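Reviewing the structure listed below.
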Amino acid sequence: MNKYKVTFTARCPVNNKKITYNLQIKSEAMIRVEDLLAFVKQVNQGFHEEIADSLMERFGGQQILRAYHHGAFIKTERGLDVPQ
């Protein structure tokens, strides 16, 4: 099992505030770090859940995306068989 963690920022499409995201991916397949960093760099804005969906579509595996949005903590899980 390979584990990847990365932090990136994107703007909220509602109020344009910067949000810091923490992504964790677990994958049997190798993910090129350069590909992962390039992908998150191009995420300029979006809703948390939509960003999580696009990351899952691109990289697969088991993913957890966390962020604090203006007073609310959001954690999305993709590709996990058992809720954590």
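Throughout, read-outs are computed from the coordinates displayed, never taken from laboratory work. It should be emphasised that the depicted structure is a prediction, and the values quoted were computed from it without experimental measurement. Here the Cβ is made from the backbone with ideal geometry for all residues, glycine too, and neighbour counts use every protein chain on show.
Descriptive notes on the structure:
- Among the residues of the range 33-63, those identified as free of Cβ contacts under 8 Å to residues at least 24 places away in the same chain and out of contact with any helix residue (DSSP H, G or I) (no Cβ under 9 Å at 6 or more places or on another chain) are GLU34, ALA38, GLN42, GLU50, MET56, GLU57.
- Scanning the range 29-84 for residues that are β-branched (Val, Ile, Thr) and touching a His at 6+ places or on another chain (Cβ under 9 Å) yields a count of 2.
- The number of residues in the range 1-54 being of a type in the set (Val, Ile, Thr) and touching a Gly at 6+ places or on another chain (Cβ under 8 Å) comes to 2.
- Scanning the range 73-82 for residues that are basic (Lys, Arg) and either surrounded by 14 or more Cβ atoms within 10 Å (Cβ to Cβ) or over 15 Å from ILE25 (Cα atoms) (or both) gives a single hit, ARG78.
- Each residue in the range 26-72 was checked for being in a strand (DSSP E or B), surrounded by 13 or more Cβ atoms within 10 Å (Cβ to Cβ) and among the hydrophobic types (A, V, I, L, M, F, W, C), and 3 of them qualify.
- All positions within the range 1-20 that are part of a loop (DSSP other than H, G, I, E, B), hydrophobic (A, V, I, L, M, F, W, C), in contact with a strand residue (DSSP E or B) (Cβ under 8 Å, 6 or more places away or on another chain) and more than 16 Å from ILE64 (Cα to Cα): CYS12
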